[in-house]
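The values are calculated or read from the model by the stated rules, or taken from the named source; none is laboratory data. Just so you know, these numbers come straight off a predicted model, no measurement behind them. No Cβ is skipped: glycine too gets one built from the backbone with ideal geometry, and neighbour counts run over all protein chains shown. Keep in mind that these areas ignore ligands, DNA and RNA; they rest on the heavy atoms of the full protein, side chains included. Shrake-Rupley method; radii C 1.70, N 1.55, O 1.52, S 1.80 Å.
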Amino acid sequence: MDSTSSHSGAEPADPATKQIILDLLKRAAAAHGVYEAEALGGRYDEDWPQWYADHMARTLAEGGYRIVGLSG
């Protein structure tokens with residue numbers, strides 16, 4: 001699947017939302033590299049998904065974003 005593809009049957013991603021997520025992932029990747037090097041002494045972080053989720057949620061909150069589910 002290339003970067004312009006969407007999931008079958010799903011609505012296309014909003015370009016602004018996609019850009020926000022892409023930025024968050026890039027920032028998390030850079031910060032996580034530093035974390036692995038400094039805090040883990042260069043070891044691979046087996047819990048990287050949790051670390052990314054925490055970092056991205058914190059970054060969203062600091063940017064004034066809040067994810068809420070759609071009701072009914």
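Brief remarks follow.
- Test: residue in the range 35-46 that is in contact with a His (Cβ under 6 Å, 6 or more places away or on another chain) and either modelled with pLDDT of 90 or more or among the aliphatic types (A, V, I, L, M) (or both): no
- Subset of the range 23-46 (residues that are closer than 23 Å to I67 by Cα and open to solvent by 80 Å² or more (accessible area, probe 1.4 Å)): K26, R27
- Any pair with Cβ under 6 angstrom, 6 or more apart, that starts in the range 14-30 at a residue that is among the aliphatic types (A, V, I, L, M) and ends at one that is open to solvent by less than 70 Å² (accessible area, probe 1.4 Å): L24/M56; L24/T59; A28/Y52; A28/H55; A28/M56
- Pairs, first without any contact (Cβ under 8 Å) to a residue 40 or more places away in the chain in the range 43-72, second part of a helix (DSSP H, G or I) and of a type in the set (S, T, Y), C-beta under 7 Å, six or more apart: W51/Y35
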